[in-house]
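S.K.: Have a look at this one.
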Amino acid sequence: MKKKYGRIIISGIIVTVSIAVGSILNTPADGAGTTPGTTDDPVVTKSYVDQQIQQALNGGSGENTNPTNPTQPSQGADEVKNVALKPGKILIADAGTEFIVRSGNAVIYTEVSSGVADLTDGKDLLNGQAAPKNHLLSFPREGRGIQVKEGQTSNLIVMVRGGFTIK
């Protein structure tokens, strides 16, 4: 009979140790039980992450550190920038940039025979042609842009998505 009680006691010890080890191994990792969006587990937006990456790439200043092209703004690909263009200046687009003339009279500037795509009307605008207000203009290659129409004394206001220079 002693053997029977010995087996029961050993079985009880094994079960107790197994339960203890199982509960130690079953503890959640730090932060696993937190609610998303709290101070213990913050949620960040893509724009915040993009901003932090841009600041890290620019040495933490958040400004454009390109000394060869100081007129080109630091911006994301989808960011829209309002630009005031003075008479006598030319707004030159990088390849793939889009403009919308909001106020003032603008004309297309190109050094080649092909022009700029007016996506609103579905036609090509050539050098010297008027750039219509509130039309989406697409610049397929560098070296094309817009300028203030000759004789106009006020600035152009242009919405720009993409890279550009002012010369």
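S.K.: Sticking with the crude label model, points 7 Å out along Cα→Cβ, report the distance from VAL112 to GLN55 in nm, one decimal please.
M.R.: Using points 7 Å along Cα→Cβ, the separation is 4.0 nm.
S.K.: To continue, here is another question. LYS89's amide H: which non-local residues (gap 5+, or another chain) put their own amide H closer than 5 Å, with H modeled 1.01 Å from N in plane and none for Pro or chain starts?
M.R.: Placed amide hydrogens put VAL148 under 5 Å from LYS89.
S.K.: Taking H as built 1.01 Å from N, whose amide H comes closer than 5 Å to the amide H of ALA131, not counting residues under 5 places away?
M.R.: It is ALA106, VAL107, ILE108, by chain and number.
S.K.: Can you tell me the Rg and the Dmax, both Å, for the Cα atoms in the stretch 106-158?
M.R.: 10.6, 30
S.K.: Residues with beta-carbon under 12 Å from that of PRO87, excluding PRO87: net charge, scoring Lys, Arg +1 and Asp, Glu -1?
M.R.: Details: positive: LYS86, LYS89, LYS149; negative: GLU150.
In short, +2.
S.K.: Same structure, new question: Too long at a 21 Å Cα-Cα cut-off: which of LYS46/LYS133; LYS86/LYS123; LYS46/LYS81? Kindly include the intermediate steps, with their values, before the conclusion.
M.R.: Working: LYS46/LYS133 32 Å; LYS86/LYS123 27 Å; LYS46/LYS81 19 Å.
Distance filter (> 21 Å) returns LYS46/LYS133; LYS86/LYS123.
S.K.: Measure off 7 Å from each Cα along the Cα-to-Cβ vector at VAL43 and SER154, then give the distance between these two points in nanometres to one decimal.
M.R.: 4.5
S.K.: Counting only protein heavy atoms, what percent of the accessible surface of the stretch 77-148 is carbon or sulfur at a 1.4 Å probe?
M.R.: Numbers: 1660 of 3710 Å².
Result for the stretch 77-148: 45 percent of the exposed heavy-atom area is carbon or sulfur.
The values are calculated or read from the model by the stated rules, or taken from the named source; none is laboratory data. It should be emphasised that the depicted structure is a prediction, and the values quoted were computed from it without experimental measurement. Glycine also receives a Cβ, built like all others from the backbone with ideal geometry; neighbour counts cover every protein chain displayed. Remember, those area values only see protein heavy atoms, side chains included, never the ligands or the DNA or RNA. Shrake-Rupley method; radii C 1.70, N 1.55, O 1.52, S 1.80 Å.
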